[in-house]
Amino acid sequence: MFEELEKLKKMDLKSADPEEISDLIDVVRTRIHNYGKQELDNFFDIAIKIIGLKRGVAGKKAVETLSAAYSKLKTRIVSMLWSDDPHIRNTGLKIIAENKDKEILYTLIKDKDRDIRKFALDIAYEITFPEFLKLGLDDPDVNVMISAAEYLSRLGDNSAINKIEEKLKRLSKDEIYESIFLIQSLINLEYQKTAELIKNKFDVNDPIIKPYYISACGISRDPKYIKDILDALKNDPDTRKNAIDSLVILLRDAKIPQDKKDEIKSVIESVIPNMTPSELEMIKKIQNML
């Protein structure tokens with residue numbers, strides 16, 4: 001009855017003309033809503049082979065056809081997330097996101113496999129679902145939790161700040177790299193107490209921590225951090241850009257006393273000879289603000 005499926009099943013999908021495969025998939029696309037379970041399963045198996053072989057336009061059409069039939073093939077499409085092939089996994093993720101299936105996320109986030117829980121967060125981010133992403137902040141795996149914080153910060157969800165701060169405080173000092181991701185999330189959300197949090201938890205002169213601390217000093221909008229920023233500008237080329245960016249924020253958004261402005265001007269004049277062309281462009285902006 002559905003000869004397009006029979007032709008696809010008999011083809012050597014690896015060597016067949018992609019245009020011929022594409023033409024048959026076009027026929028499938030027009031008829032797939034008339035398929036029964038057996039035909040749907042047959043096409044899914046064929047589509048997975050085509051996608052895995054990366055047959056160009058044929059692969060693209062296979063993905064589009066699976067997506068169009070998502071409601072009929074949901075269980076099998078979701079199963080793509082468990083594939084050993086990263087391309088298949090990512091394609092499954094894309095199809096679920098395209099169909100904005102929020103319901104399945106609540107199942108995925110409970111899976112014992114942390115990668116599946118991370119996929120749930122990836123999909124939630126793609127469909128802009130911050131309320132679901134907040135569930136990821138309670139994930140037992142620190143890497144999944146960090147991903148949730150990062151995605152929420154990208155979406156600018158300030159309601160997540162308190163929870164991210166709480167998670168940062170709970171991490172040990174040895175978990176420095178994990179902490180950095182949470183710090184960056186708070187910086188992205190422009191949380192003004194981030195510099196204070198860093199100072200209470202770490203040695204701010206640690207070369208790993210210092211760039212983040214200096215950036216946090218700027219978003220604090222607090223002139224009390226000017227000294228630390230200027231010290232970085234003078235003595236630490238690796239954090240100079242962070243220091244320049246922080247000075248721009250402070251001068252733009254905070255009330256800076258004239259004596260502090262004079263100090264900033266003096267330090268800038270002393271380091272100008274050692275600056276790169278891009279740094280000099282930013283320094284000109286600061287000088288115009290003084």
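The values are calculated or read from the model by the stated rules, or taken from the named source; none is laboratory data. Bear in mind that the values here come from a model prediction, so they are computed numbers and not experimental data. We place every Cβ from the backbone using ideal geometry, glycine too, and count neighbours over all the protein chains shown.
Report yes if some residue within region 80-99 is among the hydroxyl-bearing types (Ser, Thr, Tyr) and under 30 Å from Glu131 (Cα atoms); otherwise report no.
Checked against the condition, which is being among the hydroxyl-bearing types (Ser, Thr, Tyr) and under 30 Å from Glu131 (Cα atoms), region 80-99 yields at least one hit.
So Asp203 clears everything in (1) among the acidic types (Asp, Glu); (2) in contact with a helix residue (DSSP H, G or I) (Cβ under 8 Å, 6 or more places away or on another chain); (3) not assigned by TED's automatic domain parsing to the domain that holds Lys118 except one condition, right? Which one?
(2)
Report every pair of residues separated by at least 6 positions or lying on different chains whose Cβ atoms are under 6 Å apart, first residue within region 68-79 and within 16 Å of Ala120 (Cβ to Cβ) and not assigned by TED's automatic domain parsing to the domain that holds Leu105, second among the small types (Gly, Ala, Ser) and in a helix (DSSP H, G or I).
From region 68-79, the pairs are Ile77/Gly92.
If you take the residues in region 32-49 that are surrounded by 15 or more Cβ atoms within 10 Å (Cβ to Cβ) and within 20 Å of Asn99 (Cβ to Cβ), which one is nearest to the chain's Cα centre (by Cα)?
Ranking the candidates gives Ile48 first.
Go through region 50-59 and count every residue that is surrounded by 19 or more Cβ atoms within 10 Å (Cβ to Cβ) and either of a type in the set (Gly, Ala, Ser) or not assigned by TED's automatic domain parsing to the domain that holds Lys14 (or both).
2
Can you pull out every residue in region 194-209 that is part of a helix (DSSP H, G or I) and surrounded by 13 or more Cβ atoms within 10 Å (Cβ to Cβ)?
Thr194, Ala195, Glu196, Leu197, Ile198, Lys199, Lys201, listed by residue number.
Out of the helices (runs of 4 or more DSSP H) lying entirely within region 1-56, which hold 2 or more residues that are more than 16 Å from Arg76 (Cα to Cα)?
Qualifying helices (runs of 4 or more DSSP H): 3-10, 18-31.
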